[in-house]
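Notes follow the structure.
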Amino acid sequence: MSYELKSARWLAADILRQVLSEGDEAVDATMGNGHDTEALCRLVGPSGHVYAFDIQAQAVGKTGQRLTDAGLADRASLFHTGHEHMREKVPHAVRLVMFNLGWLPGSDHLITTRLQTTLAAVEQGLELLLPGGVLLICVYPGHEEGAREQEALIRYLSSLPPQRFNVLRQTFLNAGPGAPECLVVQKAFA
Ligand SMILES: C[S@@+](CC[C@H](N)C(=O)[O-])C[C@H]1O[C@@H](n2cnc3c(N)ncnc32)[C@H](O)[C@@H]1O
């Protein structure tokens, strides 16, 4: 048996593999160093497309280089702008939208995702989903802004109408306070 519960990031990656198929379109709302953008590009294949966002030029540069090195650059559109502009940049409905909140590993911790823009982008991401599409959020309540994001996201996602969305909160109950969580929303199929 190879199944092993590891982390919120691992849970999100497992869901990506189940949801995405060749030819799909997806959004990476927090590009960072491009690991998730690359994974999405591989899953959607040569006939799919990925739209990725980050407010830091360094993140866009690193992700662009990563995709070029992997021969995947033509599968993605990289936007050096906040995910709160997703609605203007993504031309049509997508199968999956993902957020990995917080800051760019190895860089300034002050440049982190923020409650107001995160909520605006999640709202837009839910509108963009195809029927049956999935929105994933990895949230890190171990730091102050992450705790605020977690609280507001849980309040907002709990209020979504169950006829239109199923909402799941995956949390490691024995990992102590501040443990990362994976929030999963699926839009109804009809
Ligand atoms: C935890 S990192 C993402 C890691 C990334 N998914 C990867 O695979 O390497 C979070 C990223 O969100 C970015 N970010 C912060 N505010 C943002 C916003 N409003 N819109 C888009 N990205 C934002 C940060 O610059 C940072 O690079």
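The values are calculated or read from the model by the stated rules, or taken from the named source; none is laboratory data. Just so it is clear, the model here is predicted, and its values are computed rather than measured. FYI the Cβ positions are ideal-geometry reconstructions off the backbone, even for glycines, and counts take in every protein chain you see.
When you check residue 141 against the structure, is it outside any helix (DSSP H, G or I), closer than 19 Å to residue 179 by Cβ and within 9 Å of the ligand (Cβ to nearest atom), yes or no?
no
Could you pull out the residue among 133, 125 that is within 30 Å of residue 4 (Cα to Cα) and within 14 Å of the ligand (Cβ to nearest atom)?
125
Can you confirm whether region 63-85 contains a residue that is touching a strand residue (DSSP E or B) at 6+ places or on another chain (Cβ under 6 Å), closer than 18 Å to residue 135 by Cβ, among the charged types (D, E, K, R) and within 15 Å of the ligand (Cβ to nearest atom)?
Looking for residues that are touching a strand residue (DSSP E or B) at 6+ places or on another chain (Cβ under 6 Å), closer than 18 Å to residue 135 by Cβ, among the charged types (D, E, K, R) and within 15 Å of the ligand (Cβ to nearest atom), one finds none in region 63-85, hence no.
Looking at 2, 7, which one is closer than 29 Å to residue 145 by Cα and more than 12 Å from the ligand (Cβ to nearest atom)?
7
So residue 46 passes all but one of these: (1) surrounded by fewer than 14 Cβ atoms within 10 Å (Cβ to Cβ); (2) within 12 Å of the ligand (Cβ to nearest atom); (3) of a type outside the set (Lys, Arg). Which condition number does it fail?
Condition not satisfied by residue 46: (2).
Return the residues of region 104-118 that are near the ligand (Cβ under 9 Å from one of its atoms) and modelled with pLDDT of 95 or more; say none if nothing qualifies.
113, 114, 117, 118 - these are the residues of region 104-118 that are near the ligand (Cβ under 9 Å from one of its atoms) and modelled with pLDDT of 95 or more.
Only one residue in 68, 37 is among the hydroxyl-bearing types (Ser, Thr, Tyr) and under 17 Å from the mean Cα position of the chain (by Cα), so which one is that?
Result of the check over 68, 37: 37.
Could we say that residue 154 is closer than 19 Å to residue 18 by Cβ and touching a residue at least 24 places away in the same chain (Cβ under 8 Å) here?
no
Look at region 121-150 and say how many of its residues are of a type outside the set (D, E, K, R) and closer than 21 Å to residue 25 by Cβ.
Residues that pass the stated criteria total 16.
So which pairs qualify, if the first residue must be in region 114-130 and within 13 Å of residue 98 (Cβ to Cβ), the second must be part of a loop (DSSP other than H, G, I, E, B) and small (Gly, Ala, Ser), the Cβ gap must be under 6 Å, and the two must be at least 6 apart or on different chains?
Cβ pairs passing all conditions: 121/29; 128/93.
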